[in-house]
Amino acid sequence: MLYTWSFFIALAVFLIGIIYRIIGYFRLNIGPDRAEFTTADRIKAFLSSLFGILVSPVQMFNLFKTVILNVVFQVPLMRQDPLKWFMHICIYWGFFGLLFFHALEGYVSEVIFSGYQSTLTPFLALRNMAGVMVMAGVGIAVYRRKTNFRLKQISKHHDYLAIVLLAVIMISGFGLEAAKIISSGVFYDMVDEYGAMDYDEELPALKAVWQEEFNVHFPGETIPVTPELMEEGWLVNEDNCAACHSNPKWAFVSYPVSIAMTPVAGFFNRNRLDLLLLNIHFLSCFLGLAYLPFSKFRHILTTPISLIISGVAGQQIKRDENKATRRVFDLSACIECGTCTSHCAVGPLFEIFNNQWVFPSERVIRIRESAWGRPMDPESRDAFFQGSFLCTMCNKCSQVCTAGMNLQDIWKETREQLAEEFLPDPVIRIRELCEKHQSEKAGVKTPVVLKPGKNPVVESLKKSFQAATFSNCYTCLTCTNSCPVVAVAGETREFGSAPHQVIHALVLGQTELTKDASIVWSCLTCYKCQENCPQGVRITDIFYQLKNIVHHQEFGI
């Protein structure tokens, strides 16, 4: 009764969680809330696109190829990282092996295989093999998180909680099977339920066989073992047990564990600790089932679907309704493996800013939490804003994502949302501040004063290999003549509207003027000025350095 009610409660929580997630995929939005599409619109668009795939031979071929190569064998991951591929294959194949040959055996294995019994060969060995695969995958996951520099930085308590729960399920499973092998109580239960023998004459012979060959222990009993008794026991076993029970030695992990448990077999059998392990194993499985829709475990269901979407449609989804749905779904498909972070071009900036949201894998988690209703406090939002705009949008994270996520689209929409919340790109914010400073100074004519002593900004520029070249300028105006921003504006009379003016101001030590110069913040970083300078002045790099100085002054980082 305990198992039945526990299972149905766990199943109910699981189904409620799955339905809640599915509704959220079609209801929630990533990026600016434009309210363009209703939930019904998005569901219709999804079903329409799905129907289009099912009626297209080309799309069906792509679908089949994606399922085989990307989902079943995970070929792209194998090319990227063989160890990680092996870890994923072990966990996925092992998990589904246990699901079909153990958890759902009454609905799958018994239907597919005639005369299926979990205690028969080869199913004993297959179940142990699936368990070993999962344990091997978990071991590799722990090893990678302990040895990979980036993974150590982004690993959190819930990552290890997921690993611990999975380990408890697997260890209790092997322990339970081993305890049942040595348990005299389990033996007597099977004899009472299924046996049809003479208990006085045949049972002692059967017990002798199961004690010597099946490693069952009968505490407090002394069973004489003779060749005649063993021969009779094998005949009784053939008539009563062989149809359902193979030799447990086929359980190549559980059987050695049962041998290791021999010194405490009497204690186990007298206290029926196999029942305790049974409770631990089933309740941990039910807990995992109920926890799945609300944990990182849900990627077991969502990642294959995301890989299929990526394989069939790539990043070229046409309908905006489906794009909105995919953004939300992709966030649930993330397996938090850290691959995007390991390949992120701006990842090293974490050492400078100590901001976890520099890492793309961490931004995915935060965006997902925000989408599902967990707001950020102002301090966290500022840090998230910084991490979002430090991203160079190089799209490498999407290219290496093992879950097939279109991260580029998520970053773009997130930036647009931040801009609507008056948190635009830092360069834009500082440019607006500079324009404000210029407007405040308008009409106030102050002569250029050459101050004695060293200017700290100029000194810092001189220490930079790139920026120190400003002193080579001899005012030929080649930079200004080649600048596309100047060409479009067509106006250089106002100070700060042309590159050469900034360089001249630096030579004169007028750093306050250069920091507010509009050309610094309007620069397209096309490098034409720098490429054409006859003196090798690194004009664009100097502008970068000035931006960094102002950014540090404005934001303190």
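The values are calculated or read from the model by the stated rules, or taken from the named source; none is laboratory data. Values in this document were obtained by computation on a predicted structure and should not be read as measured data. Cβ sites come from the backbone with ideal geometry, for glycine too, and all protein chains shown count toward neighbours.
Given F7, F37, which one is of a type in the set (F, W, Y) and farther than 28 Å from V364 by Cβ? On inspection, the qualifying residue turns out to be F7.
Of the residues in the stretch 327-343, not one is free of Cβ contacts under 8 Å to residues at least 12 places away in the same chain and surrounded by fewer than 20 Cβ atoms within 10 Å (Cβ to Cβ).
Of all residues in the stretch 115-122, none satisfies being part of a helix (DSSP H, G or I) and closer than 26 Å to G288 by Cα. The set of residues from the stretch 502-528 being under 10 Å from P484 (Cα atoms) and touching a Phe, Trp or Tyr at 6+ places or on another chain (Cβ under 9 Å) comprises just one member, C523. For I154, indicate whether it is buried (at least 16 other Cβ atoms within 10 Å of the Cβ) and under 16 Å from the mean Cα position of the chain (by Cα). So I154 passes the test. With respect to the conditions (1) at pLDDT 80 or above; (2) within 23 Å of W85 (Cβ to Cβ); (3) buried (at least 16 other Cβ atoms within 10 Å of the Cβ), T147 falls short on a single one, namely (3). Filtering the stretch 277-329 to residues that are closer than 27 Å to A167 by Cα and among the charged types (D, E, K, R) leaves K296, R298. Scanning the stretch 1-57 for residues being assigned to a helix (DSSP H, G or I), among the small types (G, A, S), within 21 Å of T302 (Cβ to Cβ) and touching a residue at least 60 places away in the same chain (Cβ under 8 Å) gives a total of 5. When the stretch 7-30 is filtered for residues that are among the aromatic types (F, W, Y) and surrounded by fewer than 18 Cβ atoms within 10 Å (Cβ to Cβ), the ones remaining, listed by number, are F7, F8, Y20.
Among the residues of the stretch 170-192, at least one is surrounded by fewer than 13 Cβ atoms within 10 Å (Cβ to Cβ) and not in a loop (DSSP other than H, G, I, E, B). Please give the number of the condition W234 fails out of (1) of a type in the set (F, W, Y); (2) within 27 Å of L276 (Cβ to Cβ); (3) part of a helix (DSSP H, G or I). Just one mismatch for W234, condition (2).
Y255 fulfils the conditions (1) out of contact with any Leu (no Cβ under 8 Å at 6 or more places or on another chain); (2) more than 18 Å from R127 (Cα to Cα); (3) crowded, with 17+ Cβ neighbours inside 10 Å except for a single criterion, (2).
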